[in-house]
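What follows draws every value from the coordinates through simple rules; no lab data is involved. Bear in mind the structure is a predicted one, so any value in this text is a computation, not a measurement. Note: ideal-geometry Cβ built from the backbone for every residue, glycine included; neighbour counts use all protein chains shown.
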Amino acid sequence: MGQSRLARVELHIDLTGPRGHRDEIYRQIRAAILDGRIRAGDALPPTRELAQRLIVSRTTVSAAYDRLSAEGFLAGRIGAGTFVTSASPSRPLEPQADPAAGVAALPEWDALPDPPRPFSAVPEFDFRPGIPDVGRFPFDTWRRLVTQRLRAAEAGLLTYGDPQGYPDLRAEISRHLGVSRDVRAGAGQVVVTSGAQQTTDLIARVLLRPGDVAAVEDPGYPPPRLALTALGIRVAPVPVDAEGIVVSAIPPGTRLVYVTPSHQCPLGVSMSLTRRLELLEWAERNAAVLVEDDYDTEFRYSGRPLEPLHSLDSRGRVGYVGSFSKVLSPGLRLGFLVAPPSLVPALVKAKYLADWHAPNLEQAALAGFMAEGGFARHVRRLRKVYRERRELLFRVLARDFTGVLTPVPSTAGLHLTATAERDPGPVLQRARQHGVRAGSLGNYCVGERRHGIVFGFGGIQAERIEPGLACLRELWDA
């Protein structure tokens, strides 16, 4: 009996048509069964209940049910109710015959690429960049934290929250950044977002107008560039060399610069101190804002960390961006922005208008995870795991791909880029058929196209690295 109540469907019946009420009820239920909106095993409302809701006689509803039963669509169970039979024919809902029918989107959206497919299907040799080892997610701890926060004492988490972010999480982020990255900012400067893409979108909305110029690294991380483009911002690609973005190449009139100075995406170089100071001086002279995306530097394996732009900034020109996607799980969709105090009120309004706030329950669980030290322990454990994978990847590339791929020196992050003399696109396409997935450096370029492969090592187990590279090497010579 409990199962039938759980499976009962809420029927929408429109009795304004030209047919009699009995025929309309019959026709609309039959159509719902045929197109799959009502499935085999679903329970229909009792005749008395549906009659009261439709303001018709119970006899009218019973007659419609009887006709559907006679045709094999429904069957009654004594004491249980009326159900759709397993033998009922059904067909999936079909899209409109003419895909061009209806309202057309602005033509600018046609120029933007389609979003990537869900990452649920894991290839045999997964070198895709930007993916952490989600198998090492702290499932038991997270389950406990979520359960604790679902207690009645914290029922407020299930209603609307603060657009700026859950206060406890903002406090933990502020403390963590001060200790681990020398980013000194109070919780009042922290805005919790869904990641770097939304953060860039929010900053652009409160600072830029359509037609303004924003600069991005080239090659660089595509989603923020596309987010700016979608807002009507003129995006200027700026080349990157061994010291980071070439400041002298930033065009006049630029009002925003998006950079990844700690671990340049995708090349992996770290911006030199000289270049950081040059970029800050440029921002001050040009009254521009710098968006510093420090997306994966929890995982630093060698070398002395350089001060973030935010720590060197004394004029409130830097918005410091971080994400929990690379450390914990992309599915959490939690990131943050440490904003100049002058921008916080406008950014909170923009966040409210975008999606009101990040999920309360996930924010509260993450705050607890950080407060009890679980986050720091998780980072330490994974840093060791990723270091071993990175060293193995580098060794095999140096041994087996000499003269083919040249690894770019890198001291942090979850990916390693290797440049090539020719476009690896055709090889990577063939590799997909053999279960090998990796990124093409050319996909990160806007202007001059560079050749190379971006190897992620967060999502691949160590024992899969060597056979995966062996398969790729064989295909390269085929």
Cut-off under 5 Å, modelled amide H: who pairs with Gly452 long-range: Ala420, Leu441, Gly442
All alpha-carbon distances of the range 137-375, grouped into 5 Å bins from 0, give the whole-percent distribution 1, 6, 14, 19, 20, 16, 11, 7, 4, 2, 0, 0
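How do Met370, Met271 rank when sorted from fewest to most other Cβ atoms within 10 Å of their own Cβ? Mind dumping the intermediate values first?
Working: Met370 20, Met271 26.
Starting with the residue having the fewest Cβ neighbours, the order is Met370, Met271.
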Helix-only mean residue ellipticity at 222 nm for the chain, each DSSP H run of n ≥ 4 adding -39500 (n - 2.57), per residue, nearest 500: -11500 deg cm²/dmol
Derived scalar couplings ³J(HN,Hα) [the range 52-68; Karplus, 6.51 cos²θ - 1.76 cosθ + 1.60; whole Hz; x for Gly, Pro]: 5, 5, 8, 6, 10, 6, 5, 4, 5, 5, 4, 5, 5, 4, 4, 5, 5
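If you add up the charges near Glu243, with Lys and Arg at +1 and Asp and Glu at -1, over every other residue whose beta carbon is less than 13 angstrom from its beta carbon, what do you get?
Result for the local shell: -1.
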Out of residues 5 or more away from Thr417 or on other chains, whose amide H comes under 5 Å of its own, with H placed 1.01 Å from N in the peptide plane? Val408, Phe455
Kirkwood Rh over alpha-carbon pairs of the chain plugged into Stokes-Einstein at 37 °C, 0.692 mPa s gives a D in µm²/s of 126 µm²/s
Excluding Val56 itself, calculate the net charge of residues whose Cβ lies under 10 Å from the Cβ of Val56, where each Lys or Arg counts +1 and each Asp or Glu counts -1. +2
Quick one, can you get me the convex hull of the C-alpha atoms of the range 349-427 expressed as volume per residue in Å³? 188 Å³
If you find the alpha carbon centre of the range 420-478 and of the range 292-324, how far apart are they in angstrom? 29 Å
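Listing Lys326, Lys349, Lys384 from the residue with the fewest other Cβ atoms within 10 Å to the one with the most, what is the order?
Ascending number of Cβ neighbours within 10 Å: Lys384, Lys349, Lys326.
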Please turn the phi angles of the range 389-394 into ³J(HN,Hα) values with the Karplus equation 6.51 cos²θ - 1.76 cosθ + 1.60 (θ = phi - 60°), one per residue in order, whole Hz, x for glycine and proline. 5, 5, 5, 5, 4, 5
Phi angles of the range 227-241, converted by Karplus (6.51 cos²θ - 1.76 cosθ + 1.60, θ = phi - 60°) into ³J(HN,Hα) in whole Hz with x for Gly and Pro, give 5, 5, 4, 5, 8, x, 7, 7, 9, 10, x, 10, x, 10, 10
Within 10 Å, at most 13 other Cβ atoms, and a DSSP state outside H, G, I, E, B define an exposed site. Report the longest part of the chain free of exposed chymotrypsin sites (Phe, Trp or Tyr not before Pro). 161-355
In a Debye calculation with equal point scatterers on the alpha-carbon sites of the range 2-84 and no solvent, what is log10 I(q)/I(0) at q = 0.11 Å⁻¹? -0.25
The distance between the Cα centres of the range 233-250 and the range 63-90, in whole Å, is 67 Å
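Over the chain, what relative contact order in percent results from Cα pairs under 8 Å that are six or more residues apart?
The normalised contact order for the chain reaches 18 percent.
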How much net charge surrounds Ala185 when only other residues with a Cβ under 12 Å from its Cβ are counted (Lys, Arg +1; Asp, Glu -1)? +2
Return Glu108, Glu391, Glu217 ranked ascending by Cβ neighbour count within 10 Å, so the fewest neighbours appear first. Glu108, Glu391, Glu217
antiparallel share of DSSP beta bridges within the chain, to nearest 5, in %, is 55 percent
